[in-house]
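Notes for the one structure printed next.
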Amino acid sequence: MLDRVNRRLLIGTALSFLVLLFAPIFLWTVEHARSADVHSIGDAYGWLVRTLFENTSPYKLKSQFGFVSYWIVRVAGVSLVAFATATIASRFVATVIKQGAGMGTYKGSGHVLICGWSSKGPEIIRELRAREVEDERDIVILADRDAAPFEGKGVTFIHGNPSGTHDLERAGIERVSTVIVLADSTSSGHEPDDVDARTLLTTLAVESLNSAAYSCVEVIKSENRQHFERTHADELVVSAEVTGALLAASARSHGLTGVITDLLTHPEGQELYRVPVPPELVGQSTRYALEELKDVHDSLLVGVFTNGTCTLNPANDTLIESGAELLIVRQRPEDGPARPHARKRHGGGEA
């Protein structure tokens, strides 16, 4: 309906403009032999401009057709303003409605794209928007839903199929930095294999369109991990494995769930950080780094990242290379970011 209204308004604007364009020619035709003020086409167009701004005829018109030209210009001028204003307003309203319904297109870059939606979505966005996150990026949600599942500053909703090429392009897949593919059970078929199958299609589409983007994929059944490994996704989070392992570990070591939650969530307590190696620790052993980080930065060294692979609890005589990164546990200070010389990352990958 809005498109039909826009077309009619555009037609009305064009007709009004054409009337104003040819009205001076008509005036010159009927008045140049009678009126002493209309000697050329230029005089006629000067009369048009002055008539529109002065709301009266600046020339003395001598014929009935001259007066007809005057009233045509008056009506067409008012109509042009009305139609043009209405066109702009209707297009603005249409744009707002389309964006609210997820029918728009994201134009930015370097954003985080969430494909699919589930109950984990709000928690993911809350973590990405925590005050500890220094590099705050726009978040785009691409999901097959009638309305935006989450509203907030810097969050854009795109309605569409997460595995569809056109919809992924509308969500800026070619310019995205990180993609999170959720196991979306809102569509038809809630069996774990069906959900994983849809997630697999989305992952394949994402990797084919932008393999350089860092992709984190949720898998429900551990048996399906082998299929997802063929997609070359950067990280796979298998819900069954993580949940089962955490429950079993908590049964053996009571209170472990609270420790893991404290390390992975932002509101308070100790947190995991992946940080560049401070210059003074390059070439030093992990034993020395452990003491230095604890004494100077009140941080606990947990692991060392080398070439993207993390070695947990490295041997004491392991030398820290230039370009490596450290996995540390510390509490974020109130007056600044948690470093030494660090930037916050999530889950081992850059958020």
> Got a sec? What order do HIS297, HIS32 fall in by accessible area at 1.4 Å, biggest, i.e. largest, first?
Replying inline: HIS32, HIS297
> Using a simple spin-label model with points 7 Å from Cα along the Cα→Cβ vector, what separation in nm is obtained for SER322 and THR261?
Replying inline: 4.5
> Any idea what the relative contact order of region 129-215 is, in percent, if you count C-alpha pairs under 8 Å spaced at least 6 apart?
Replying inline: 26
> At q = 0.08, 0.10 Å⁻¹, what base-10 log of I(q)/I(0) does the Debye formula yield for the chain when every alpha carbon is treated as an equal point scatterer in vacuo?
Replying inline: -0.59, -0.74
> Do you know the relative contact order of region 166-222, to the nearest whole percent, from alpha carbon pairs under 8 angstrom that are 6+ apart?
Replying inline: 49
> Tilt of helix 239-252 relative to the longest C-alpha principal axis of the chain, in degrees (0 to 90, nearest 10)?
Replying inline: 40
> Looking at THR202, SER57, SER79, which one has the Cα that reaches farthest to the positive end of the dipole of the chain (charges on Cβ: Lys, Arg +1; Asp, Glu -1)?
Replying inline: SER57
> Roughly what angle does helix 2-31 make with the longest principal axis of the chain, taking Cα atoms, 0 to 90 degrees, to the nearest 10?
Replying inline: 30
>> I'd like the FRET efficiency for ARG74 and ARG4, computed as 1/(1 + (r/R0)^6) with the beta carbon distance as r and R0 of 22 Å, rounded to 0.05.
In response: 0.15
>> With just the Cα atoms defining each centre, how far is region 143-216 from region 223-245? Give it in Å.
In response: 17
>> To check my understanding: the extent here is largest minus smallest coordinate of the Cα atoms along each principal axis. What are those three numbers for region 110-158, in Å, largest first?
In response: 32, 21, 16
> When the Karplus curve 6.51 cos²θ - 1.76 cosθ + 1.60 is applied with θ = phi - 60°, which whole-Hz ³J(HN,Hα) does each residue of region 273-282 get, with x for Gly and Pro?
Replying inline: 9, 10, 10, x, 6, x, x, 6, 9, 5
>> Below 8 Å between Cα atoms, with a sequence gap of 6+, how large is the relative contact order for the chain in percent?
In response: 12
> aspartates and glutamates within cross-link reach of LYS221: Cα-Cα under 20 Å, excluding same-chain residues under 8 positions apart?
Replying inline: ASP184, GLU191, ASP193, ASP194, ASP196, GLU229, ASP234, GLU235, GLU241
> Hey, got the dipole for region 169-289? About the Cα centre, +1 on K and R Cβ, -1 on D and E Cβ, debye to the nearest 20?
Replying inline: 300
>> Can you give me the angle between helix 64-100 and the longest principal axis of the chain, using Cα atoms only, in degrees from 0 to 90, rounded to the nearest 10?
In response: 10
> Lys/Arg Cβ at +1, Asp/Glu Cβ at -1, dipole of region 204-259 taken about the Cα centre: which of VAL242, SER253, CYS216 is farthest positive-ward?
Replying inline: SER253
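The values are calculated or read from the model by the stated rules, or taken from the named source; none is laboratory data. Keep in mind it's a predicted model, so treat the numbers as computed, not measured. Ideal geometry is used to build each Cβ from the backbone, glycine not excepted, and the neighbour counts take in all protein chains shown. Side chains are part of the model used for accessible areas, which takes the heavy atoms of the whole protein and leaves out ligands, DNA and RNA. Shrake-Rupley method; radii C 1.70, N 1.55, O 1.52, S 1.80 Å.
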